[in-house]
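Written below as structure tokens is the structure these notes are about.
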Amino acid sequence: MSEFKKVVFSGVQPTGNLHLGNYLGAIRKFVALQEGNDCIYCVVDMHALTAQLVHEDMPNQIRSIAAAFIASGIDPEKHIVFNQSAVPQHAELAWIFNCVARIGWMNRMTQFKDKAGKDREQASLGLYAYPSLMAADILVYRGTHVPVGDDQKQHLELARDIAMKFNLDYAEHIRKTDYGIDITVGNEPVHAYFPMVEPLIDGPAPRVMSLRDGTKKMSKSDPSDLSRINLMDDEEAISKKIRKAKTDPEGLPSEIDGLKGRPEADNLVGIYAALADRSKAEVLAEFGGQQFSVFKPALVDLAVNVLSPITSEMRRLMSDTSHIDAILRNGGERARARAEVTMKEVRDIVGFLY
Ligand code: TRP
């Protein structure tokens, strides 16, 4: 028995502006995982075509995600930062996975149903196959750990199903090579080529909700810009949005229980706690009994303190794109080399002549 080497992989789509929800929910986790791990962080530009074919300014959208990674503290020399389309092996493996995955599996994907909406016949084939490409993104590096939001859990389960079916269907072929390793899945021994990916979902990351409606997720597609704090917002915008954030007329409770049924209050306390790296209970111990007129300015100060160094570094990186472009080019090269090692073996396992 042995184990796959731990490889952390995650991806962010280059669509719309990054906001506080993306930062607290994803990017901050990517930063924390760097210590002691081999991490690969990808701007998934090919995924961006699935819902909308033509994008206004794709190159700068790609750069701005990479800039957010770097500005937040991801080290592109120790780890890999690149854009998906620079590594054609993702698409190559995705094709094989399209043949591994079953239509019945894809039909259960709730995100496809949500994104396709009522007129499913008009959704792109790419949107349908999206989770298969996502599995390829991870497994082309034989990735083992994937920090994502809760909404991506089902896609990761599908990635495990795909990996398992590949391992079992090609078991004889894998045995003839020395690429496989013996693992246990549940209690079953499996001679596997692909690892069973694990989601890294928990941790301090809160679900960051809209500033206008505490029951909806903060989202880049919300028509109201007041609903979210964008990573590129300046101090004035952050301050205005927090001051205008919806609240109820009561003050802050001293105990977590008092946040029940008060989604807006809960959200603002959650954001404060996440930004301060404290628990909600600790925040309430400090602010319990206070009015929002006291809490909101404190939240503005904290948000500006945490975000402004990131924002200004992002602006600096975006003002002369040559540095970001060099990082992406270098990351792409290193990612390609690793992905090609896997694909050579996969082609061999499948039986393709090459
Ligand atoms: N589907 C992910 C999201 O929308 C983005 C993504 C694409 C991804 N490929 C991935 C995330 C691989 C993790 C691993 O958030």
Among (1) more than 18 Å from Gly11 (Cα to Cα); (2) hydrophobic (A, V, I, L, M, F, W, C); (3) under 19 Å from the mean Cα position of the chain (by Cα), Leu53 falls short only on (3)
Condition met for Gly149 (at pLDDT below 95, under 15 Å from the mean Cα position of the chain (by Cα) and more than 16 Å from Leu93 (Cβ to Cβ))
yes
Of Met46, Met58, the only residue that is more than 27 Å from Ile271 (Cβ to Cβ) and either within 15 Å of the ligand (Cβ to nearest atom) or among the β-branched types (Val, Ile, Thr) (or both) is Met46
Task: Leu211 within 16 Å of the ligand (Cβ to nearest atom) and either in contact with a Gly (Cβ under 9 Å, 6 or more places away or on another chain) or of a type in the set (A, V, I, L, M) (or both) - done: no
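For the stretch 147-189, which positions are part of a loop (DSSP other than H, G, I, E, B) and over 21 Å from Asp137 (Cα atoms)?
Quick first cut of the stretch 147-189, residues part of a loop (DSSP other than H, G, I, E, B) only: 148-149, 170, 177-180, 186-187.
Matches in the stretch 147-189: Thr177, Asp178, Gly186, Asn187.
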With the first residue restricted to the stretch 4-18 and required to be surrounded by fewer than 19 Cβ atoms within 10 Å (Cβ to Cβ), and the second required to be assigned to a strand (DSSP E or B) and of a type in the set (S, T, N, Q), Cβ contacts under 7 Å at 6 or more apart or on different chains are Asn17/Asn230
In the set Ile174, Ile162, Ile138, Ile181, the lone residue that is within 10 Å of the ligand (Cβ to nearest atom) and in contact (Cβ under 8 Å) with a residue 60 or more places away in the chain is Ile138
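Kindly evaluate Gln122 against the criterion of being within 15 Å of the ligand (Cβ to nearest atom), of a type outside the set (Gly, Ala, Ser) and either in the same structural domain as Tyr23 (by TED's automatic domain parsing) or in contact (Cβ under 8 Å) with a residue 60 or more places away in the chain (or both).
Working: within 15 Å of the ligand (Cβ to nearest atom): no; of a type outside the set (Gly, Ala, Ser): yes; either in the same structural domain as Tyr23 (by TED's automatic domain parsing) or in contact (Cβ under 8 Å) with a residue 60 or more places away in the chain (or both): yes.
It is false that Gln122 is within 15 Å of the ligand (Cβ to nearest atom), of a type outside the set (Gly, Ala, Ser) and either in the same structural domain as Tyr23 (by TED's automatic domain parsing) or in contact (Cβ under 8 Å) with a residue 60 or more places away in the chain (or both).
The values are calculated or read from the model by the stated rules, or taken from the named source; none is laboratory data. Note that the structure is predicted; figures quoted are calculated from it, not measured. Neighbour counts run over all protein chains shown; Cβ positions are idealised from the backbone, glycine included.
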